[in-house]
1. List the residue pairs whose Cβ atoms are under 7 Å apart, where the first residue sits in the range 41-57 and is in a helix (DSSP H, G or I), the second is surrounded by fewer than 18 Cβ atoms within 10 Å (Cβ to Cβ) and of a type in the set (Val, Ile, Thr), and the two are 6 or more positions apart or on different chains.
2. Against the conditions (1) surrounded by 15 or more Cβ atoms within 10 Å (Cβ to Cβ); (2) farther than 20 Å from residue 123 by Cβ; (3) of a type outside the set (Lys, Arg), where does residue 219 fall short? Just the number, please.
3. Whether any residue in the range 208-227 is over 18 Å from the mean Cα position of the chain (by Cα), assigned to a strand (DSSP E or B) and in contact (Cβ under 8 Å) with a residue 60 or more places away in the chain is what I want to check.
4. If residue 232 satisfies every condition in (1) closer than 30 Å to residue 267 by Cα; (2) at pLDDT 95 or above but one, which is the exception?
5. Within the range 102-174, considering only helices (runs of 4 or more DSSP H) that don't extend past its boundaries, which have at least 2 residues that are touching a strand residue (DSSP E or B) at 6+ places or on another chain (Cβ under 7 Å) and more than 22 Å from residue 184 (Cα to Cα)?
6. Could you check how many residues of the range 236-269 are in contact (Cβ under 8 Å) with a residue 60 or more places away in the chain and among the β-branched types (Val, Ile, Thr)?
7. Among the residues of the range 230-252, write down those that are surrounded by 15 or more Cβ atoms within 10 Å (Cβ to Cβ) and either more than 21 Å from the chain's Cα centre (by Cα) or of a type in the set (Phe, Trp, Tyr) (or both).
8. Which of the residues belonging to the range 58-76 are assigned to a loop (DSSP other than H, G, I, E, B) and of a type outside the set (D, E, K, R)?
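The values are calculated or read from the model by the stated rules, or taken from the named source; none is laboratory data. The structure presented is a predicted model; accordingly, all values stated were derived computationally and were not measured. Please note: Cβ atoms are built from the backbone with ideal geometry, for glycine as well, and neighbour counts cover all protein chains shown.
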Amino acid sequence: MIDRTALADFLRTRREALQPEDVGLSRGPRRRTRGLRREEVAALSHMSTDYYARLERERGPQPSEQMLAAIALGLHLSRAERDHLFRLAGHVPTEHGPAGDHVSPGMLRILDRLEDTPAEIVTELGETLRQTRLGAALTGDASVRTGPARSLGYRWFTDPRTRALYDPADHAFLGRLYAAGLREIVGRRGPDSRAAALADDLLAVSPEFRELWSAHEVGLRPAETKRFVHPSVGPLDLHCQVLTDPGSSHSLLVYTAVPGSESAERLGLLAVVGELAG
């Protein structure tokens with residue numbers, strides 16, 4: 001059963017413990033709120049302010065596991081705090097493991113300091129868990145994606161809009177890369193894993209994936225430079241630096257351009273253009 005009073009108290013204390021600088025926000029000259037404002041936590045958690053505020057007021061429906069996971073990320077909770085949040089809301093905490101969606105507070109703090117850079121935190125299946133504003137402008141708003149489409153590899157074989165973001169000369173290799181990468185993950189995680197389920201989904205809907213999967217190719221690695229074709233600013237050659245959290249298999253991807261290059265100029269323009277549709 002949900003413990004509304006304890007849940008409200010826990011959310012409020014964790015919100016008040018966070019400072020704007022901890023999550024990449026500006027404090028501003030007239031801030032009187034101790035810690036973060038409710039609307040700031042709601043925005044970080046990709047939900048309405050009204051929904052979040054009702055939880056702190058001991059009202060509203062029982063939050064789903066998906067909403068709780070989003071709040072845990074928004075409040076930068078540790079794994080122990082996340083599990084506690086689930087129990088207060090009447091849910092059994094999801095199992096920990098390399099395929100989980102919970103991002104460590106340390107990695108979130110790094111991401112929060114990259115607001116002027118395209119960056120994202122992804123799972124081993126290519127699911128974007130958090131991204132900077134410029135990250136969303138570059139590859140689309142990940143918060144609107146659901147189901148298998150959260151995975152870049154799945155979208156590659158099922159959504160032409162995903163391929164349109166990359167240089168056509170790289171398409172053949174990228175298809176092989178995603179199929180080979182997924183096969184390696186299935187090998188590590190086993191036939192009952194989320195990776196295996198994703199492969200089954202793709203085998204059912206994509207003839208191209210079926211052909212690549214049948215080749216049993218493994219060992220491919222992505223190029224350091226990714227060549228994008230953005231619909232608003234044009235071609236972008238971006239270096240991709242990767243920081244991996246060994247405890248969760250999450251990776252922080254940071255995209256940068258060579259200073260003074262055309263790609264650097266276009267990246268600056270991208271900051272003005274705004275977000276790409278998911």
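1. Short answer, once both residue conditions are applied: 42/49.
2. Looking at each condition in turn, residue 219 falls short on (1).
3. So the first thing to find is which residues in the range 208-227 are over 18 Å from the mean Cα position of the chain (by Cα), and the list is 208-227.
Next, only the ones that are assigned to a strand (DSSP E or B) stay: 225-227.
With the extra rule that they be in contact (Cβ under 8 Å) with a residue 60 or more places away in the chain, the set shrinks to 226-227.
Yes; the residues of the range 208-227 include at least one that is over 18 Å from the mean Cα position of the chain (by Cα), assigned to a strand (DSSP E or B) and in contact (Cβ under 8 Å) with a residue 60 or more places away in the chain.
4. (2)
5. Details: elements: 105-112, 133-139, 152-158, 160-163.
Because the criterion is at least 2 residues that are touching a strand residue (DSSP E or B) at 6+ places or on another chain (Cβ under 7 Å) and more than 22 Å from residue 184 (Cα to Cα), the helices (runs of 4 or more DSSP H) in the range 102-174 that meet it are 105-112, 133-139.
6. Selection size over the range 236-269: 2.
7. Passing the criteria: 233, 236, 237.
8. Keep residues of the range 58-76 that are assigned to a loop (DSSP other than H, G, I, E, B), which gives 58-64, 75-76.
Residues satisfying the conditions are 60, 61, 62, 63, 64, 75, 76.
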